[in-house]
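FYI, it's all coordinate maths here, none of it is from the lab. This is a predicted model, so every value here is computed, not measured. In this analysis, Cβ positions are derived from the backbone assuming ideal geometry, glycine residues included, and neighbour counts consider all displayed protein chains.
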Amino acid sequence: MTASAAAVETEVAHRLAQGDALSAFDCAVAARREGIESARLRYLMVRALAASGDSLGAMHLYEQLDLATTGDVDSLALAGRIWKDEAFDHQGAQRTSFLQKAAAAYDHAFRVSGADFPAINAASLYAMLGERDRAVALAGPIAANGAADNYWDQATLVEALLLLGRGDDALIHARGAHDQAGTRAGDRASTCRQIMRLAASGAIDPDKAQAIVELLRPPPVGVYCGRMFRAGGEGEAKATRAIASALDEKPLSALIGPLACGADILFAEAALERGIDLTIVLPFAEDDFIAQSVQSGGEAWLPRYRQCRDRAAMVHFASNARYVSDDCQFILGSHTAMGLAKLRARELETAAIQLAVVDPEIAARSGAEIAGTNADIALWQGRGDETLTIAVGDLDRNLDFPPAPKPPEGTRRGLYAILFADFAGFSKLGEAELPIFAAEVMGGIGRILDDFGDAVLFRNTWGDAVYAVIDNPATAARIALAMQEKLDILPPGLGLEGQKAGMRTGIHFGPIYRGIDPVVGNELWYGTEVTRTARIEPVTLVGQVYCTQPLAAMLELENARDFDCDYVGKVRMKPLSSGAMPAGSSAAVAGSMAQSEWLSRKSATRSSPSVRSSEQVA
């Protein structure tokens, strides 16, 4: 194994331990694209995809990479992990079937290796399935051995003791596990999830399980916001001390937010000093963000911005569009950060908390704001979530904003959900089949859009393509899934039996313009984000719904619990020709270079439908 492979393995494993499965997966994929290979890296890549929530995608990759033939205990046990996670996406007989497959996989890994890790997982699954004797037979030797030299040994011992009804002993060892876990939020979350599943199945004492989960639960995920101000002076010194004190008193698993001058950069610096996993979310093109939100507070902020950006675990862009003096762009960025914080918290079995730096004097005289710190606080608290307010006075707010382009007077622009779909297999239809397609396929889609009434603000078609603008992300996801379900079974008479045919749907959320087409006089919805959505649909798998990271974040922020988003990864986008755009849209960047997109998938085949998501990068 090369030194570079060892370094990548270490980095991917670290990100998994921190609970950042998405960046762990991306790191592994990027390394393999650069020619870095090892058996361990392939295992870690599949494990990261499984940890992100995409069980079936992980199993497909597991089989594609032939991990079952390695003989490595971790790779053998990983099949059990994948089937176990898939089981909890289902109910009833389907769940039982997947639990049985998971138990068999773990049991096989144990028989091959004799290791405690697959043994305890097999024992827990047998307990969930009601096979108490098999569970006790596997858990007993682990408890009798009692050796626990590291976190996972302690967690394994805790689980074995719980299965044997020795809850008090389990709690004692859980305290040892807590001391050894440190800041490894992902490891803590995995243990908590397992114990909660056992308790829910009736396999262990629920009271003892709850006490252990409360002890091992990862700290909250933080999302931050705060005032921009100039560097230096007593105001910055006060803010630095206040933020440091807040983070020392309130440990966090991760911290997510933007990187403007003032409070944002201070939060980022404090997180990096404490080893807190940091994710940066920028609202629009970086050069414009630096000019508007970093250098406006003085040149001293720029090197600090770059240091934080380069040291962050991840940097996301809510949009790569240029800044056009529109508050919607800042709103999209802050809402994306809040949604990502809630997504990360859910993955870590913990809570999300907002940290906000406010100047009491400014707050007292501020009116209603649609963007900025006050608006972010109001939205977060309006969703019933906790805000830790950090009051800091004497902030130098003498900012120097550069001029920026503005849309002409009277231009309308807002935040909307955007849907593009087309029918794979349309080009294979003959002249006789086209009327059936128009009546049954496109007609069925039209009826679905009708069912959602005024929520569909605009719709159009072009051949087999569908383009719609929808008032909110959750409604867009429901429409996309309804379209997919409608076409799971194709109408007879199309002549596509046995062929790969069906809808491919991309959905996104962002700021777009609304106006009148000057040529034909129809309503026109247009902008860079419309084009971004149109470029997702061609790379979407047939029968799937792909969404962008901002839309996935909005679903979480809105507490839309009837969806799950499964991570696809960074998918290479194709250039889009203007002929591919339906009427009523505008290809603002048609024919531009291909980019990657952080995509998530939704599928209507699960008890909780699942969307897949992606991230755009420069």
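All other residues whose Cβ lies under 13 angstrom from that of Asp205 are scored, Lys and Arg at +1 and Asp and Glu at -1, for a net of -2.
With 31 Å as the limit, the listed pairs Lys238/Lys342; Lys84/Lys208; Lys342/Lys406 have Lys342/Lys406 beyond it between alpha carbons. Among the listed options [x] 30.2, 94; [y] 25.7, 81; [z] 33.2, 135, the one matching Rg and Dmax of the Cα atoms in Å as calculated from these coordinates is [y].
Compared with the direct C-alpha span, the chain from Glu431 to Ala300 gains 40.5 nm at full extension, assuming 0.36 nm per residue. Projecting the Cα atoms of Gly297, Ile265, Leu255 onto the charge dipole of segment 223-391, computed from C-beta unit charges around the Cα centre, puts Leu255 farthest toward the positive end.
Within the chain, antiparallel bridges make up roughly 60 percent of the DSSP beta bridges whose residues both belong there. The HN-Hα couplings worked out from phi for segment 439-449 by the Karplus form 6.51 cos²θ - 1.76 cosθ + 1.60 (θ = phi - 60°) are 6, 8, 7, 5, x, x, 5, x, 5, 5, 4 Hz, whole numbers, x standing for Gly and Pro.
Charged side chains reduced to their Cβ positions (Lys and Arg at +1, Asp and Glu at -1) give the chain a dipole of some 520 debye around its Cα centre. Report note on the peptides 85-95, 215-225, 263-273: ranked by the mean count of other C-beta atoms within 10 Å, highest first, their order is 215-225, 263-273, 85-95. Of the peptides 236-246, 177-187, the order by per-residue mean of other Cβ atoms within 10 Å, starting with the highest, comes out as 177-187, 236-246.
Highest mean packing comes first when the peptides 397-407, 106-116 are listed by Cβ atoms within 10 Å, giving 106-116, 397-407.
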